[in-house]
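Visitor: Can you keep this structure in mind? I'll have questions shortly.
The values are calculated or read from the model by the stated rules, or taken from the named source; none is laboratory data. Everything numeric in this text was worked out from a predicted model, so none of it was measured. Cβ placement follows ideal geometry from the backbone for every residue including glycine, while neighbour counts extend to all protein chains displayed.
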Amino acid sequence: MQLKPGGVAEYKARHDAIWPELAELLHDSGIRDYSIFLDAESGALFAVLKLTPDSNRDALPNHPVMRKWWDYMAPLMEVEPDNKPKEWPLTPLFHLA
């Protein structure tokens, strides 16, 4: 994902005060151990999360709470026309377990 210039402090503040209903929705959707990292030089955001075997993460874009959160965060991020944050997969190159 990509932050717009100057949005770091507000992005962090909004996530530090994540809505309880959003946290519950993410948990109920099978998302666990969710972290977002920032590359301060580029404004790139890198999210890491674990999914439960029965995760229904793909249904999140249709949920009103998720849509409301995207609308709330849209001024701070690069987004799609529906305010979904622009995201792209990264290619794994190395893993040490």
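Yes/no per residue for (1) hydrophobic (A, V, I, L, M, F, W, C); (2) exposed (fewer than 13 other Cβ atoms within 10 Å of the Cβ); (3) touching a Leu at 6+ places or on another chain (Cβ under 8 Å):
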residue	(1), (2), (3)
Ala17	yes, yes, no
His63	no, no, yes
Asp82	no, yes, no
Phe94	yes, yes, no
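Visitor: Counting only residues that are assigned to a strand (DSSP E or B), out of contact with any Asp or Glu (no Cβ under 8 Å at 6 or more places or on another chain) and not β-branched (Val, Ile, Thr), how many does segment 75-97 have? Spell out the reasoning first.
Guide: Of the residues in segment 75-97, the ones assigned to a strand (DSSP E or B) are 77, 79, 85.
Add one more test, that the residue is out of contact with any Asp or Glu (no Cβ under 8 Å at 6 or more places or on another chain), and what stays is 77, 79.
Imposing the further condition that a residue be not β-branched (Val, Ile, Thr) reduces the set to 77.
Count: 1.
Visitor: Kindly evaluate Glu78 against the criterion of being at pLDDT 95 or above, over 17 Å from Met1 (Cα atoms) and surrounded by 11 or more Cβ atoms within 10 Å (Cβ to Cβ).
Guide: On the way: at pLDDT 95 or above: yes; over 17 Å from Met1 (Cα atoms): no; surrounded by 11 or more Cβ atoms within 10 Å (Cβ to Cβ): yes.
No, not satisfied.
Visitor: Something else now. So which residues in segment 48-76 are hydrophobic (A, V, I, L, M, F, W, C), closer than 14 Å to Tyr34 by Cβ and touching a residue at least 24 places away in the same chain (Cβ under 8 Å), if there are any at all?
Guide: Filtering segment 48-76 down to residues hydrophobic (A, V, I, L, M, F, W, C) leaves 48-49, 51, 59-60, 65-66, 69-70, 73-74, 76.
Then keep just the ones that are closer than 14 Å to Tyr34 by Cβ; that gives 48-49, 51, 60, 66, 69.
The answer is Leu60, Met66, Trp69.
A quick yes/no check of all residues on (1) surrounded by 12 or more Cβ atoms within 10 Å (Cβ to Cβ); (2) touching a Ser or Thr at 6+ places or on another chain (Cβ under 8 Å); (3) modelled with pLDDT of 95 or more; (4) part of a loop (DSSP other than H, G, I, E, B):
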| position | (1), (2), (3), (4) |
| --- | --- |
| Ala23 | yes, no, yes, no |
| Ser35 | no, no, yes, no |
| Leu38 | yes, no, yes, no |
| Leu45 | yes, no, yes, no |
| Lys50 | no, no, yes, no |
| Ser55 | yes, yes, yes, yes |
| Asp58 | no, no, no, no |
